[in-house]
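Heads up: the structure comes next, in structure tokens.
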Amino acid sequence: VTPEALIAEAFKEDLPGLDLTTDNLETKDIKGYAFLVAKSDLKLSGTLFFEKSIHHIYRQSQIRWFFKDGDTVLKQQKIASIQGNLLEILKAERVALNFLGHLSGVATLTYRYVSACEGSPLKILDTRKTLPLYR
């Protein structure tokens, strides 16, 4: 399964029809910036899926990353900025954040396991903290 196919399926589930929240707002074309901010310390993973999810709904958005996959991000640090139509970005954000949150969660937990084994003969070789089709 390609990232695009998985993202398309995620949007079919999340937005099977209208997005009642954003579709009923009176203003339809609000341009601006949104910021992705870390709620806790983490190892970043899933930037490709986040970006492709945003672009799936709104191709004209511009995403600027302040970190890359594998980087440690501290609580309250800005991870990225997204520029474009804020209502379209809002439609995409739940799917995009689900991918980023899950993949960063796996990376963060794996990093903790690896750190806990430092200085010992143990090695973390593999984790099974993935969901079907997310591998």
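A short reminder: the numbers here are calculations on the coordinates, not readings from a lab. Every value quoted in this text rests on a predicted model; they were computed, and no experiment measured them. For neighbour counting, all protein chains shown are included, and Cβ atoms are generated from backbone atoms with ideal geometry for every residue, glycine included.
Details
- Here's the picture: charge each Lys and Arg Cβ at +1 and each Asp and Glu Cβ at -1 in the chain, and of 40, 62, 1 the one pushed furthest to the positive end of that dipole is 40.
- Taking 7 Å steps out from each Cα toward its Cβ at residue 94 and residue 13 produces label points 1.2 nm apart.
- Cα radius of gyration and Dmax for the range 26-90 (Å): 12.5, 40
- The chain: radius of gyration over Cα atoms, expressed as a fraction of 2.2 N^0.38 Å: 1.18
- Within the range 27-135, GluC sites (Glu not before Pro) in DSSP loop having at most 10 other beta-carbon neighbours inside 10 Å: 118
- Pairs over the 30 Å Cα-Cα cut-off, from the set 28/75; 12/75; 52/123; 31/52; 28/78: 28/75; 12/75; 52/123.
- Calculated [θ] (222 nm, deg cm²/dmol) that DSSP helices of n ≥ 4 give over the chain, each run adding -39,500 (n - 2.57): -14500 deg cm²/dmol
- Cβ-Cβ FRET estimate between residue 125 and residue 37, R0 fixed at 25 Å, reported to 0.05: 0.15
- Angle between the chain longest axis and helix 3-14 axis [Cα atoms, degrees, rounded to 10]: 60
- Tilt relative to the chain, helix 86-117 - C-alpha long axis, 0 to 90 degrees, to 10: 0
- Between residue 81 and residue 69, the simple spin-label model (points 7 angstrom out along Cα→Cβ) gives 2.5 nm.
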